[in-house]
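The values are calculated or read from the model by the stated rules, or taken from the named source; none is laboratory data. All values reported here derive from a predicted model rather than from experimental measurement. Cβ coordinates were reconstructed from backbone atoms using ideal geometry, including for glycine residues, and neighbour counts include every protein chain displayed. Side chains included, ligands, DNA and RNA excluded: accessible areas come from the protein's heavy atoms. Shrake-Rupley method; radii C 1.70, N 1.55, O 1.52, S 1.80 Å.
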Amino acid sequence: MTTTLLTTAYKAADDKKALDIVVLNMEGVSLMADQFIICHANSERQVQAIAREVIDQATKAGFPIRRMEGFETGRWVLADLGDVVVHVFHKDE
């Protein structure tokens, strides 16, 4: 399940032109998630578009969304998808 969720979230971020996408394997390191996806964007709107696409595609694929934080400001959005946590940063952050 994690691989499919990871692939879904990664592809969604990539489709919205996220920059410098990095996947960190957090298994055995973090109790919070098995994988982190970290990426950035050049504007608040792009940060929000990436986060929205990640949430939309994960929901469409049947994965529950635990929470999302920081969407309103578009500077750093954290999308908690359970086994995968996605961090989308504004380039200045």
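Quick notes
- Qualifying residues in segment 37-62 (those that are β-branched (Val, Ile, Thr) and outside any helix (DSSP H, G or I)) - the one farthest from Thr4 (Cα to Cα): Ile38
- Candidates are the residues of segment 16-31 that are open to solvent by 90 Å² or more (accessible area, probe 1.4 Å) and either of a type in the set (A, V, I, L, M, F, W, C) or under 12 Å from the mean Cα position of the chain (by Cα) (or both); the one that is modelled with the highest pLDDT is Val29.
- Test set (1) in contact with a helix residue (DSSP H, G or I) (Cβ under 9 Å, 6 or more places away or on another chain); (2) in a helix (DSSP H, G or I) - Val23 fails condition number: (2)
- Annotation: of all residues in segment 64-93 being part of a loop (DSSP other than H, G, I, E, B) and over 19 Å from Asn42 (Cβ atoms), the one that is most open to solvent (accessible area, probe 1.4 Å) is Arg66.
- Those residues of segment 34-48 which are surrounded by fewer than 18 Cβ atoms within 10 Å (Cβ to Cβ) and either without any contact (Cβ under 8 Å) to a residue 40 or more places away in the chain or in contact with a helix residue (DSSP H, G or I) (Cβ under 8 Å, 6 or more places away or on another chain) (or both), in sequence order: Arg45
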